[in-house]
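Structure first, then comments.
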There are 2 protein chains.
Amino acid sequence: MRVEIWSDIACPWCYVGKARFEKALAAFPHRDEIEVVHRSFELDPGRPKGDTGPVVPMIASKYGISEEQAQAAEDNLGVQAAAEGLAYRTRGRDHGSTFDMHRLLHHAKQYGRQGELIQLMYEANFAEERSVFDDTERLVEIAAAAGLDADEARAVLADPDAYAAEVRADEQEAARLGATGVPFFVLDRQYGISGAQPAEVFAQALDQAWGERSPLRLLDDGPADACGPDGCAVPQPS
Amino acid sequence: MRVEIWSDIACPWCYVGKARFEKALAAFPHRDEIEVVHRSFELDPGRPKGDTGPVVPMIASKYGISEEQAQAAEDNLGVQAAAEGLAYRTRGRDHGSTFDMHRLLHHAKQYGRQGELIQLMYEANFAEERSVFDDTERLVEIAAAAGLDADEARAVLADPDAYAAEVRADEQEAARLGATGVPFFVLDRQYGISGAQPAEVFAQALDQAWGERSPLRLLDDGPADACGPDGCAVPQPS
């Protein structure tokens with residue numbers, strides 16, 4: 001069974017929701033048969049690279065609240081994160097374009113390192129002092145820590161077209177599936193779960209989707225002209 | 001709706017089946033809403049690079065038939081291909097490892113060039129004299145003709161690990177879905193079509209899958225802790 005998770009590195013609920021989902025997955029009896037794929041969703045897709053600033057004033061401006069109230073919201077998110085065992089730095093975080101991070105996550109996918117990379121990116125963004133924005137070498141370090149080749153990661157980051165189509169395709173697919181926010185979890189393209197739900201909701205969803213998963217229905221029943229490990233069907237002279 | 005096509009460049013029925021599917025797709029009213037993804041399936045996954053030889057003796061040996069009978073089978077495949085408007089060289093073709101081609105197809109996917117590349121690979125293998133096996137520069141030329149950067153393609157081909165995990169993952173997924181041969185068409189992970197069926201079968205399948213496609217079922221109905229374009233849900237102090 002395949003679980004696709006649309007998320008953004010700048011999204012605190014994605015960080016928290018991933019931990020809740022993983023708690024459910026760790027207890028799921030068929031966990032070894034679940035494939036997890038991370039998909040791109042930029043909260044602010046038009047944001048230019050370099051447009052980086054502190055989180056708290058951004059929240060205050062977006063909601064029309066005071067910086068004190070915005071800080072209180074961050075503090076409360078820190079409480080939710082801590083409840084999942086996650087470090088969360090409630091002061092001095094930055095906010096900026098995540099496009100390069102999404103491109104790098106697609107690069108990681110080919111080497112089977114997406115899960116490692118997204119977790120390290122979340123930790124770097126939410127728990128560590130050094131900003132992950134506008135700092136190519138920081139992202140290269142994170143990529144290397146996730147098991148990727150540093151030079152290759154640097155080349156991907158230097159080429160703004162690399163994996164750009166994949167990021168855009170993920171975002172279009174999210175829109176087609178009806179996702180308007182993240183995290184958004186899709187189980188075998190049959191079931192959707194929106195938001196950082198409690199682990200129990202994910203556990204029930206995994207159970208339900210697993211129980212109802214259906215084999216492919218074959219739409220033909222005639223002999224197939226096909227090739228397999230033992231060779232190809234040989235057409236008869238007509 | 002998404003159509004995934006598992007195939008191998010060395011598989012003549014994949015070349016023919018793709019043309020039949022595309023004939024059906026061209027006449028399908030919702031063709032602009034169909035995403036086609038090509039997935040890897042090596043007919044001979046253990047075959048080492050460099051183990052390349054002529055097709056006709058390989059067919060003869062595999063089926064325990066004479067080379068004349070094997071040549072007649074190739075001639076008949078040429079007739080089937082011609083009926084779809086495809087060039088097919090029935091004499092002097094080679095057979096070898098397709099692993100590098102599959103890796104390059106995954107590379108092309110990130111640039112949205114998979115469809116162009118697989119078609120050019122098929123034409124090169126089935127219709128042109130120069131072998132596509134053990135000839136890195138031939139593959140680089142084909143990649144460039146499909147709109148990819150030649151140097152990047154060369155780098156992918158030079159690194160045997162590049163996209164290797166993606167090829168293997170596709171093959172494992174095919175096995176999970178019950179595919180034992182190719183071409184194998186999967187519509188929205190709901191319907192499977194095995195083999196180079198007539199265009200009418202693909203047309204009916206597209207109709208049926210389109211008519212029965214269902215939106216995601218949401219497995220939760222409570223308020224979601226999520227982030228969207230307008231910001232993130234703010235947790236209340238507990």
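Neighbouring Cβ atoms from other chains, within 10 Å of the Cβ of residues in A:110-116, number 4 on average. Per-residue SASA remark: residue B:25, around 30 Å² accessible (1.4 Å probe; ligands, DNA and RNA not included). Shielding value for B:14-26 is 1, the average number of Cβ atoms from other chains within 10 Å of each residue's Cβ. The calculated 222 nm mean residue ellipticity attributable to helices in chain A amounts to -15000 deg cm²/dmol, summing -39500 (n - 2.57) over DSSP H runs of n ≥ 4 and dividing by all residues. Take residue B:218, project a point 7 Å from its Cα along the Cβ direction, then tell me which residues of the range A:164-190 have their backbone nitrogen under 19 Å from it. Residues A:173-190 qualify, since their backbone N sits under 19 Å from the label point.
Ligands, DNA and RNA left out, the 1.4 Å accessible surface of the protein assembly as shown is 50% carbon and sulfur atoms. Mean partner shielding of peptide A:188-195, defined as the number of other chain Cβ atoms within 10 Å of each residue Cβ, is 6. Counting only alpha carbon atoms, the long axis of helix A:99-110 and the longest principal axis of chain A meet at about 40°.
Computed over the Cα atoms of the protein assembly as shown, what is the convex hull's projected area averaged over all directions, in nm²?
Computed as one quarter of the Cα hull surface, the answer is 23.1 nm².
Residue A:58 exposes around 50 Å² of accessible area when a 1.4 Å probe is run over every protein chain in place. Here the range A:33-63 and the range A:82-113 have alpha carbon centers that stand 10 Å from each other. Accessible surface computed residue by residue for the protein assembly as shown, with neighbouring protein chains in place and a 1.4 Å probe, gives 42 Å² per residue. For the chain pair A and B, the interface hides roughly 5700 square angstrom of accessible area in total, found with a 1.4 Å probe. The listed residues A:136, B:90, A:180, A:98, once ranked by accessible area (1.4 Å probe) with the largest placed first, stand as A:180, A:136, B:90, A:98. Once backbone amide H atoms are built at 1.01 Å from N, residue A:191 has B:217 as its partners under 5 Å, excluding neighbours fewer than 5 places away on the same chain.
Secondary structure note: in the protein assembly as shown, about 60% of the DSSP beta bridges are antiparallel. Ordered by solvent-accessible area of protein heavy atoms (1.4 Å probe), largest first, the residues B:11, A:232 come out as A:232, B:11. Legend: residues A:36, A:182, sorted from most to least accessible area (1.4 Å probe; ligands, DNA and RNA excluded), read A:36, A:182. For residue B:36, the residues whose amide H sits under 5 Å from its own are B:3, ignoring neighbours fewer than 5 places away on the same chain, with H placed 1.01 Å from N. Too long at a 24 Å Cα-Cα cut-off: which of A:109/B:109; B:23/B:49; A:62/A:109? Beyond 24 Å between Cα atoms: B:23/B:49; A:62/A:109.
Of all beta bridges that DSSP places with both ends in chain A, some 65 percent have antiparallel geometry. Close amide H contacts of residue A:89 (hydrogens built in the peptide plane, cut-off under 5 Å, sequence separation of 5 or more or a different chain): A:127. Relative to the longest principal axis of the Cα atoms of chain B, the long axis of helix B:136-145 lies at roughly 50 degrees. Each principal axis of the Cα atoms in chain A has its own extent, and those three values, largest first, are 79, 41, 30 angstrom.
Each part gets one Cα centre, and for the range A:128-163 versus the range A:178-200 those centres are 28 Å apart. Angle of helix A:199-212 to the longest C-alpha principal axis of chain A, folded into 0 to 90 degrees and rounded to 10: 10°.
The values are calculated or read from the model by the stated rules, or taken from the named source; none is laboratory data. Not measured: the values here are computed from a predicted model. Because the Cβ atoms are built from the backbone with ideal geometry, glycine has one as well, and the counts that use them run over all protein chains shown. Just so you know, the surface numbers come from the protein's heavy atoms only, side chains and all, with ligands and any DNA or RNA stripped out. Shrake-Rupley method; radii C 1.70, N 1.55, O 1.52, S 1.80 Å.
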